[in-house]
Amino acid sequence: MGDRYAGFDAFVASRGAALMRTASLLTGNRAAAEDALQEALTRVAMRWPKVVRGGAPEPYVRRVLYTVVVDDWRRRRRLDVEPGDAPEGSDGVDLAHMVSSAVVLNQALLRITARQRAVLVLRYYDDLTEAQAADVLGCSISTVKSQTKHALNRLRVLAPELIAAFAPEEERVEDINGDSSSSEVLT
């Protein structure tokens, strides 16, 4: 690609999968996630020398990705929910539970506002601090805190099936037998 894009290929190769997972969670649709990530990386590539001079490029790329997704939301495009690729299982892994949990989580995230979904994805999936999430979203730390609180409360009301889906194996078995409730997991 030349000197202008030095390091861009390596960055995409090393961080592309993580950025794709983030885009998938933000959009709820793999095809839309691929489009959003491609658009974000195209925008970043055009400014790559300046991005690299500014330090670590990943926060900038995440901000651009978030902006691309929000632009799509603002255009009020309705995205169809497509089931994601099933993760490859290994011995001792309950693949059916993993897949059903992923589907339940994806459907639950689609029930909350775009802003709340973005906050939860950045905080809990990308494991960003409140300050980092605020920087990506272009808002204050207190907004991130309040959006997180409201999003979690809303998920508890709108998607109680999340509690059962993400309960440990022993609690799921007990819950099926009626011996105990797994509702204490998310509370």
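Values quoted throughout were computed directly from the atomic coordinates according to the rules given, and no laboratory measurement underlies them. Only a predicted model underlies this, so the values are computations on that prediction, with no experimental measurement involved. When we count neighbours, we look across all protein chains shown, and the Cβ atoms used for this are built from the backbone with ideal geometry, even at glycine.
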Local electrostatic count, residue 133, Cβ distance below 12 Å [Lys/Arg +1, Asp/Glu -1]: +1
Burial ordering of 110, 105, fewest other beta-carbon atoms within 10 Å first: 110, 105
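Which of 113, 22 comes first, and how do the rest follow, when ranked by fewest Cβ neighbours within 10 Å?
If I rank by nearby Cβ atoms, fewest first, I get 113, 22.
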Under 12 Å, Cβ to Cβ, from residue 118 - net charge with Lys/Arg +1 and Asp/Glu -1: +4
Sum of side-chain charges, residue 105 neighbourhood, beta-carbon under 13 Å (Lys, Arg +1; Asp, Glu -1): +2
